[in-house]
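Notes follow the structure.
Only the coordinates and a few stated rules stand behind these numbers; no lab work does. These numbers were taken from a predicted model, which means no experiment stands behind them. All Cβ positions, glycine included, derive from the backbone under ideal geometry; neighbour counts span all protein chains shown.
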Amino acid sequence: MSYAPTLIDNVFGGIRPAARALNKAASTIQSWHETGTIPQKHWNDIIIAAAEFGHILTAESFFPLSPQVPAQHGYSFDKPHCLSITDFHRVDIENLLELGGHYLDLSVQKSTREGPLRGKTLVNLFFENSTRTEKSFELAGKRLGADVISMNIGSSSVKKGETLLDTATTLNAMNPDLLVVRHGASGAPALLAQKLSCAVINAGDGMHAHPTQALLDALTLRQKLQETGQKIDKRDIGGLRIAICGDILHSRVARSNVQLLNILGADLRLIGPPTLIPIGAENWGVDIFHDMETGLEGCDVIMMLRLQLERMNGAFVPSKREYYHYHGLTREKLAYAKPGALVMHPGPMNRGVEISSDVADDPEISLITRQVEAGVAMRMAILHALSEAQNRAQIKAAS
Ligand code: ASP
């Protein structure tokens, strides 16, 4: 399994550029190149650096010849953090989705002081605005019995100029067990994970990743498929043709969903104007289309994305009106997809820009409200799994 030379040459353009991009000695990269493998502790840095070169790597990129790890009796989730979908094997994802399904079934459960996170402290640190994600983590932590603190950046010392690392040191002194962080810079949660001794959960970093959104989207879809299996000819996500549409370029949701849905084996398409499709996306394991009419053909699921105007420093689309005309999901465009196709959107929505209200609000086809419900359940599952992995690691370290 000598994947390293291909990865170093194709992604970074050779040993020296890879050394520069990864801030490592050329001799280190040379030894990876020669032995053919790269130690696991470097994968995350490589995945982040590769994204800057327009390549989306997954954990599978580091052992492309190995089969998917089968779910085994005695498996236990052992990941210390949730930074990117690429941290997980398929077996981890299946287990997280199963636990998410369990919490979704129990979604009437109210806060409990007896939950699996009793005695643990969860800190929510959001450097970018959020409604759904922040509140769902807060609720998830409380429902599992944790003490939850949501730091308001607007009134914290970050506004007074404190750096991310100073904030990390301050947080470390508070001894949180779990830290949920959203930041405008790609890689900020990974940096905090290196500096802090708690579990770090990425709630969205720049345009890089939003792993918990991808997991909750898969949970939403799986629950819907289970309910309506008879109407959809293939029962699981692996049998679906899924289109992710719109502003792919600025979307961390799209990147994490591409990684997750590829691991689950879906037939994936990206649809968007050429200006909003990232360079190199053809290497992501997707088919690319620029018009909805051909792109939506035969699609079972359509994931719409928000036009992220706040991340655009220039004109990527002529006008919102024209964008809606060509790329907004309306009933007419929906008719190009498979009959009964399902519609998703991570929120917040720009109605009349990327989606029409009558599509977004039709409970027969739209899963958007269900995505919000699944968000709390999925985040309960992630917090629970990480906390148990942390307990096991602490017991092991003490013995
Ligand atoms: N809420 C998602 C995110 O944080 C999607 C969006 O903002 O459009 O990336």
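When each full DSSP H helix of the chain is screened for a Cα extent of at least 30 Å along its own axis and an average Kyte-Doolittle hydropathy of at least 0.0, the helices passing are 368-398.
Note down the Stokes-Einstein diffusion coefficient of the chain in µm²/s, whole number, using a Kirkwood radius over alpha carbon pairs, 10 °C, and 1.306 mPa s. The estimated diffusion coefficient comes to 72 µm²/s. Each Lys or Arg adds one and each Asp or Glu takes one away; over the other residues whose Cβ falls under 11 Å from the Cβ of V317, this sums to -1. Segment E128..N283, full-extension length gain: 52.8 nm, with 0.36 nm per residue of separation and the alpha-carbon distance subtracted.
Taking the Cα centre of the range 283-399 as reference, the dipole from Cβ charges on Lys and Arg (+1) and Asp and Glu (-1) amounts to some 600 debye.
Taking each of K135/K338; K135/K224; K120/K224; K142/K195; K142/K396; K195/K224 in turn, the alpha-carbon distance tops 29 angstrom for K135/K338; K120/K224; K195/K224.
Dipole size in debye (nearest 20) for the chain around its Cα centre, Lys and Arg Cβ +1, Asp and Glu Cβ -1?
880
Neighbours of S251 by Cβ distance under 15 Å: Lys/Arg scored +1, Asp/Glu scored -1, total 0. Rounded to the nearest 20 debye, the dipole magnitude of the range 261-321 is 420 debye, with +1 charges on Lys and Arg beta carbons, -1 on Asp and Glu beta carbons, and the Cα centre as origin. How many nm separate the modelled label positions at K41 and T294, each set 7 Å beyond the Cα in the direction of the Cβ? Roughly 4.9 nm, to one decimal. With R₀ set to 45 Å, the beta-carbon distance separating A335 from S150 gives a calculated FRET efficiency near 0.55. Secondary-structure-derived ellipticity at 222 nm for the chain, considering helices only, amounts to -12000 deg cm²/dmol, per-run term -39500 (n - 2.57) for DSSP H runs with n ≥ 4.
Spatial offset of the range 342-384 relative to the range 1-49 amounts to 39 Å, using the alpha carbon center of each.
All other residues whose Cβ lies under 14 angstrom from that of D361 are scored, Lys and Arg at +1 and Asp and Glu at -1, for a net of 0. Between R16 and Y75, take the C-beta separation as r, use R0 = 35 Å, and let me know the FRET efficiency to the nearest 0.05. Efficiency at R0 = 35 Å is approximately 0.30.
The slack in the chain from L164 to R321, taken as 0.36 nm per residue of separation less the alpha-carbon distance, amounts to 52.6 nm.
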